[in-house]
Structure formats: C-alpha cells, structure tokens
Amino acid sequence: MVWNKKYECMPREELQSLQLKRLKEVTQRVYHCLSFYRRKFKERGICPEDIKSLKDLNKLPFTTKSELRQGYPFGLFTVPLSKIVEFHVSSGTTGKPVVDGYTRKDIEIWAEVSARSLSCAGVTAEDIIQNAYGYGLFTGGLGIHYGASLIGAKIIPISGGQTTRQVMMMQDFKPTILTCTPSYALHIAEISEEMGVDLKKLPLRVGVLGAEAWSENMRQEIESRLGITALDIYGLTEIIGPGVAQECPEKKGLHVFEDHFLPEIINPKTGEVLKEGEEGELVLTTLTREGIILIRYRTGDITTISYRPCSCGRTLARIGKIKGRVDDMLIIRGVNIFPSQIENVLMQIDEIEPHYQLILERKKGLDELTVELETLPQIFFDEVRKIEEIERKIARKIEETLGLRVGVRLVEPKTIQRSMGKAKRLIDKRKLK
Amino acid sequence: MKINQISVFLENKIGRLAEVTKVLGSKGINIRALSIADTAEFGILRMIVSQPEEACSILEKSGFTVSKTEVIVVEIMDRPGGLAEVLEILAKACLNVEYLYAFVAPKGKNALVVLKIEKLTEVVELLRREKVKILTREEISKL
C-alpha cells in the first residue's frame, strides 16, 4: 500500500529537481539563521549560492552528533522557541542525549512519513496496532502514534515493558500489528511461551520493528515465533524519529522518504561519497524540517544504498538493513566486526536461541572477545566433554565466518539481561580500567 | 534396572547450588546421592532424587537447564576390593565407564554406586548374570 503516491512513486528526475529546490532553500535558511552553520560554510569557503546541482551537496560540511551536543539544549534550533510545539531527545545509546525541537509543521511531516511507513508495511484503517515502543522523550512511541492516527488505525498505546500485560492485551484486544524493537518482540515471544499462549494462533500479522540493528536471521526467528511478517523501520531522533525509511513486504531494503530526507553513503574515515552499492556510513540532510535543519548529518549507521525502483512501485532509494554503528564497530586484533555479524552466525546454529552478550576484555595487552550464550535443554548434556564440544563448535563457526578467534561460554538461562528497548549486546570491560 | 538421574547446568557462581537444593527441598524432594563435575566456568550437578519427574519440572520452572540421563545404581560389598570386582566384570566385557559416584544407604551395610556407562541394557544383563545387585526405582525411593 502506498500512502502518498505522488511523492513515493515520483519519477527520479522530478524527485531530484524537487530535492534540489528544497536543498537550496534549507542551505539559505541555515546560513542566514545560524552562526553555527555560517561559520562552518565560511571555513570551507562556500556560500548557499554555490549549490547549483545535487552534486554540489558534497561541498557542504558534515554535521556530527557531538556538534549537536554542544548546542544543548536549544542552540541549533532554526526557528524561535515560540514556534516549537514538542521536544524529544535521543535515546542515548551512545553518550549524552541530543535534543530535537518540532514545529507544528514538523509534527505534520512526522505523521506523514510515519503513515507512509506503516502503510508501506501494510497497515490500514482497519488494523489494531499494539504500539509497544516507549512513549515519552523517545521518538518511537509518539512517532508511530502520529502516523497510525493519520491513517485512522486503532492504537493501543501500551508503550514498552509489562510484558505479561502485553501478551494479555494481544489475547483480548487481538491487535493485527505490533510495533516495538526487534529484541523486545523476541522477549514478548519468550514470555508468551512461558505463559502457554501461542501468538501464532492470534490475528497478529505484521511487526514494524526498529530502533536497533537486527539481522536477517533474527527476522526469521521473530517471524516463526510470533507468526508474523517482520519489517524494518528506520529513523533517528536527530532527523525526526521513526519514518525516515521503511521496508516494504518485498524485504529488499528500506525506502528512504527522499522528498524529506536526502541520503548519501560515505566512507566514515575519509568522508568521501561512495558509489551505489558500496557499504559505508549513512549521511542525511533534512529538506523540509523547520525546528532543526541538519545538513549532511552523520548518522553513524552503516549500510548501502540502491536507486533501482522496487517492484512495490516506489521509486525511492533503498538502504540496506543497518549493519551496525560506526561506533559499535569493534576492531579486535586487527579484525573489524559488528556485534550483528556474530548474531548472524549464532542464529545459523540450529540449537541456539539468540540470548547472548559479548564481553570484551583486555588480557595481557590483547583484546579478547567472549560470547556468552544462555544454555537450553537442546545444548545441555550431562557430560563436561560434550558441553565443551558445543562451545568449541560455536567458536569454530565464528572463526570460520569472521576470521576472529573468540571464547564461547555457556551461562544459565535468563541470566543475560532482557531489554525493554534497545538491547545491550556488548559489555566493554576495557573502558573500566 | 535403569534409573533417571537429573543433571543441572550450573555456572560457577556463589549460591547456585544452594538455590537448586532449596528449590528441591521446598517441594519435599529428597536427594539420595549427588556429585558435581566442574570446570573453571561451569559445573554439572548430577543427582539421584526421590521423584525425578517432579524434580525436573520444578527445576525447569525455576529457570534451570535440566536434563535426564539413564544410569544404574549397583550395590557393592563394603570391603576392600568390592568396587574392583564390579569394575573388572565391566572391563573384561570391554564396557567403558563414563563416570561413577558412590554413596552409602543409611540403613544398609553395603555401598551403592551410580554408574554412567555405555550400552546400558547390555550392562544390566551382564551384571545380573554375575549376581551383582542392581537397585530398582522402588528400592531407591525407599532408601
């Protein structure tokens, strides 16, 4: 289902001329409204008039999260505070929070892109949505709420947590859509299984899951345990919240709502713009926002981009599932890895459920990574030898796939902390010293 | 006769063994014999209990990873060479003992040995022929 055919299926040339028109407007506005941007433009020796085509985008300076932090709380707003109607702050997965201020028009844009996302996943006015994203300063809950309202769907604003209550609501209200983080979807599956409730027998059909990187294998796990189609939604507070990009049921990447958010992929080390299909850091420029305008904002998210039209009919560019974060990337004894890659390997091993965490330690000057995995009856044997064999088998599989030797340690069930929001997969003990 | 032994996965952390025994005790389950195989990071607690089925489900509900393993419990004479006699029978038949642990019944004069061994049915036959006493489930629950 396409919510806004005019913009989502616009021929690329037309879309590009719209993007250019909007890009010119926002560069003018930030240059004249904010000394922060004016100074950065001048340092690079450019002015808004230098933007003559979309290719000139790479002349503009990047904006980083730490710069946004320096503007805390309202320093980077491009409108007077009197125009702001709502605040949100980033969930702070990494470091201190970042503030976003929304004007009335920004909230309308947000509702629009969120409605596009939900429609893209198949949501209609007939659906009942169990919205288990946190409501509050986090953008997840309200972002989905605004979009679902615009569509006219029925919303259960349950927010995150209280999982047995979530399962009860699923049985009684019979929602057809679940919106939450992928790790929380698995947690709901686990609790419902403990409660003896078979989610597969309920009318739930689609999950719109996001706010953290998740693997293709995790998707399969969620789909089979909840009996749903699990689709990925992408967004970040700094840009707007959920609704920057959305996967359609083709599951071949997430459509970026390019008439509002202009994407690029860069080499995170050199800043050079990469070609279509090359993996790098996603950079976004907001084209229509008022409260905060971000020019070439470095999202820190690692992905690829494709401009080929999708068989769903959308002409919008697609980004691949987020592979990880630039700052999540671990360099262990010279090998670059993302926690999501380890998760992928774990989920390929039949007997295993992905309750794991990674412990990074420094021993005698060398970094060592240990994967802690919860035991299950399927991988528990009465003999030490067989348990050690399982541990070695998993370690071998990781080494074969990623080229990194890791330790594997089985731990007791339910001892790895469950998350209500974003899962914390890595415990870096090196920083404690 | 084959007996179900309960095995529980334990991390090497303070209080875990206490927790298992507390859970079993609270449900009136008696531990007849136990042994722990341990490594630097984890241990396997093996137990012969009065009601193996109940013990299993209670431990699972309390969040432990549990498995059942078939073993036999044999009675041996409580005198020098008692254990050797039984082991010799098994060795002659080329049967490999994976592990064993012994305990003494409160009322009995003889020692009891839990044996985890390959080809269990064959072992039972062999020991019967050699007149070694193998305890039944009933005998164990009455200990």
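Only the coordinates and a few stated rules stand behind these numbers; no lab work does. From a predicted model like this one, the values you see are computed outputs, not experimental measurements. Neighbour counts are summed over all protein chains in view; Cβ atoms, including those assigned to glycine, are modelled from backbone coordinates with ideal geometry.
Observations on the structure shown:
- Between the amide H of B:Tyr99 and those of B:Lys116, distances stay under 5 Å, these residues lying 5 or more places away or on another chain, with hydrogens modeled in the peptide plane.
- Reported to the nearest whole Å, the Cα centre-to-centre distance from region A:1-40 to region A:46-84 is 13.
- Between the C-alpha center of region A:289-312 and that of region A:362-428 there is a gap of 35 Å.
- Only the Cβ atoms of Lys and Arg (+1) and of Asp and Glu (-1) were treated as charged; on that basis the dipole of region A:153-220 about its Cα centre amounts to roughly 340 debye.
- Placing R0 at 56 angstrom, the Cβ-Cβ distance between B:Thr21 and A:Tyr72 gives a FRET efficiency of 0.55 after rounding to 0.05.
- Rounded to the nearest 0.05, the FRET efficiency derived from the C-beta distance between B:Val104 and A:Lys251 at R0 = 60 Å is 0.40.
- Relative contact order of region A:1-325, defined on C-alpha pairs under 8 angstrom at six or more residues apart (%): 18 percent
- P(r) tail fraction, region B:71-142 - alpha-carbon pairs more than 17 Å apart, %: 38 percent
- The label-point distance for A:Asp198 and B:Ser67, in a model that sets each label 7 Å from Cα toward Cβ, rounds to 2.8 nm.
- For chain B, the relative contact order comes to 28 percent (Cα pairs under 8 Å, sequence separation of at least 6).
- Taken about its Cα centre, chain A carries a charge dipole of roughly 1360 debye when the Cβ of each Lys and Arg holds +1 and the Cβ of each Asp and Glu holds -1.
- A simple spin-label model places pseudo-atoms 7 Å from Cα toward Cβ; at A:Glu279 and A:Met1 they are separated by 3.5 nm.
- Length-normalised contact order for region A:1-100 - Cα pairs under 8 Å, 6+ apart - percent: 20 percent
- Applying the Karplus relation 6.51 cos²θ - 1.76 cosθ + 1.60 with θ = phi - 60° to region A:234-248 yields 3J(HN,Hα) values of 10, x, 8, 3, 4, 7, 5, x, x, x, 6, 8, 8, 7, 9 Hz, where x marks Gly and Pro.
- 10 Å Cβ neighbours from other chains, averaged over peptide A:364-376: 1
- Environment charge at B:Tyr101 (Cβ cut-off 15 Å; Lys +1, Arg +1, Asp -1, Glu -1): -2
- Placing dummy labels 7 Å off each Cα toward the beta-carbon, the span from B:Val97 to B:Leu126 is 1.2 nm.
- Region A:115-183 shape via C-alpha gyration tensor axes, a/c threshold 1.5: oblate
- Straight Cα distances below 12 angstrom link B:Lys133 to the aspartates and glutamates B:Glu75, B:Glu125, with same-chain residues fewer than 8 positions distant left out.
- Protection proxy ranking, peptides A:241-247, A:342-348, average beta carbon neighbours within 10 Å, highest first: A:241-247, A:342-348
- Cα gyration tensor category, rounded, prolate or oblate, for the protein assembly as shown with a/c compared to 1.5: prolate
- Cα-based helix-to-principal-axis angle, A:384-402 vs chain A, degrees rounded to 10: 30 degrees
- For region A:1-87: rounded, prolate or oblate by the Cα gyration tensor [a/c cutoff 1.5]: oblate
- Within the same chain, aspartates and glutamates fewer than 8 places from A:Lys65 are excluded, and of the rest, those with a Cα less than 14 Å from its Cα are A:Asp100, A:Glu238, A:Glu281, A:Asp301, A:Asp327.
- Potential extension, A:Arg418-A:Arg205 segment - 0.36 nm per residue separation minus Cα distance: 74.3 nm
- 5 angstrom amide H check on A:Thr285, placed H, neighbours 5+ away: A:Leu262, A:Arg296, A:Tyr297
- Inter-chain Cβ neighbour count for B:2-9, averaged per residue, equals 3 (cutoff 10 Å, partner chain atoms only).
- In degrees, nearest ten, helix A:163-173 long axis to first principal axis of chain A (Cα): 70 degrees
- 0 to 90° range, to nearest 10: angle between helix A:182-194 axis and chain A longest Cα axis: 40 degrees
- Partner shielding of A:379-386 amounts to 6, given as the average count of beta-carbon atoms from other chains within 10 Å of each residue beta-carbon.
- Calculated mean residue ellipticity, 222 nm, chain A: -9500 deg cm²/dmol, from DSSP H runs (n ≥ 4) at -39500 (n - 2.57) each, averaged per residue and rounded to 500.
- Theoretical FRET efficiency, 1/(1+(r/R0)^6), r = Cβ-Cβ of B:Thr136 and A:Ile191, R0 25 Å, to 0.05: 0.05
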